[in-house]
Amino acid sequence: MSFVCGVVQHRSRSPLDKGRWSWPLGRLELRDEDVRAYTPIFLGRFALLIPYSRIARAVATPSRWGGRLRLLRVGASGDVTIATLNDSYRRIGEVLQEKGVDVVDG
């Protein structure tokens, strides 16, 4: 299952918790064993793979024109925020729950 969304990988050691990379029209694929976030530009050169077992929890937060999910990862690899312009973040949250990830409202 694939979604168009914004993706930010947060720095795990930054005092300001700024994102390391971001793009507004990234892609998110919810695959059998993992989440794959990538940019379709440059043929998917910049990609991030997160196994469901490495996601401690997902926090869903609605916003004015959509919402976002912050994936809290196990270990020191940094969190990932997924932002959508519609209610796709809810569907992503539902699929994550089906895969065994705890999804809470933020």
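The values are calculated or read from the model by the stated rules, or taken from the named source; none is laboratory data. All values derive from a computational prediction rather than experimental measurement. Backbone-built Cβ (ideal geometry, glycine too); neighbour counts: all protein chains shown.
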Completion exercise
Within the stretch 83-106, the count of residues that are over 17 Å from Asp34 (Cα atoms), touching a Lys or Arg at 6+ places or on another chain (Cβ under 8 Å) and not in a loop (DSSP other than H, G, I, E, B) comes to 3
Problem - Cross-chain or 6+ apart pairs with Cβ under 7 Å, the stretch 78-106 first and within 17 Å of Ala56 (Cβ to Cβ), then in a helix (DSSP H, G or I) and among the hydroxyl-bearing types (Ser, Thr, Tyr) - result: Ile82/Tyr89; Lys99/Tyr52; Gly100/Tyr52; Val101/Tyr52
Fill in the blank from the handout: A careful count of residues in the stretch 25-68 that are in contact (Cβ under 8 Å) with a residue 12 or more places away in the chain and among the basic types (Lys, Arg) gives 5
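Please go through the stretch 1-33 and give me each residue that is modelled with pLDDT of 85 or more and of a type in the set (Ser, Thr, Tyr), ordered by number. Let's see the steps before the verdict.
Let us first name the residues in the stretch 1-33 that are modelled with pLDDT of 85 or more, namely 1-7, 27-33.
Ser2, the sole residue that qualifies.
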Completion exercise
Arg36 fails exactly one of (1) at pLDDT 95 or above; (2) under 13 Å from Met1 (Cβ atoms); (3) in contact with a strand residue (DSSP E or B) (Cβ under 7 Å, 6 or more places away or on another chain), namely (1)
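Please enumerate the residues belonging to the stretch 57-103 that are small (Gly, Ala, Ser) and either surrounded by 13 or more Cβ atoms within 10 Å (Cβ to Cβ) or at pLDDT below 95 (or both).
Of the residues in the stretch 57-103, the ones small (Gly, Ala, Ser) are 58, 60, 63, 66-67, 75-78, 83, 88, 93, 100.
Within the stretch 57-103, Ala58, Ala60, Ser63, Gly66, Gly67, Gly75, Ala76, Ser77, Gly78, Ala83, Ser88, Gly93 meet the criteria.
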Exercise for the section: State all residues of the stretch 79-106 that are under 16 Å from Arg31 (Cβ atoms) and of a type in the set (Asp, Glu); if no residue qualifies, say none. Expected result: Glu94, Glu98
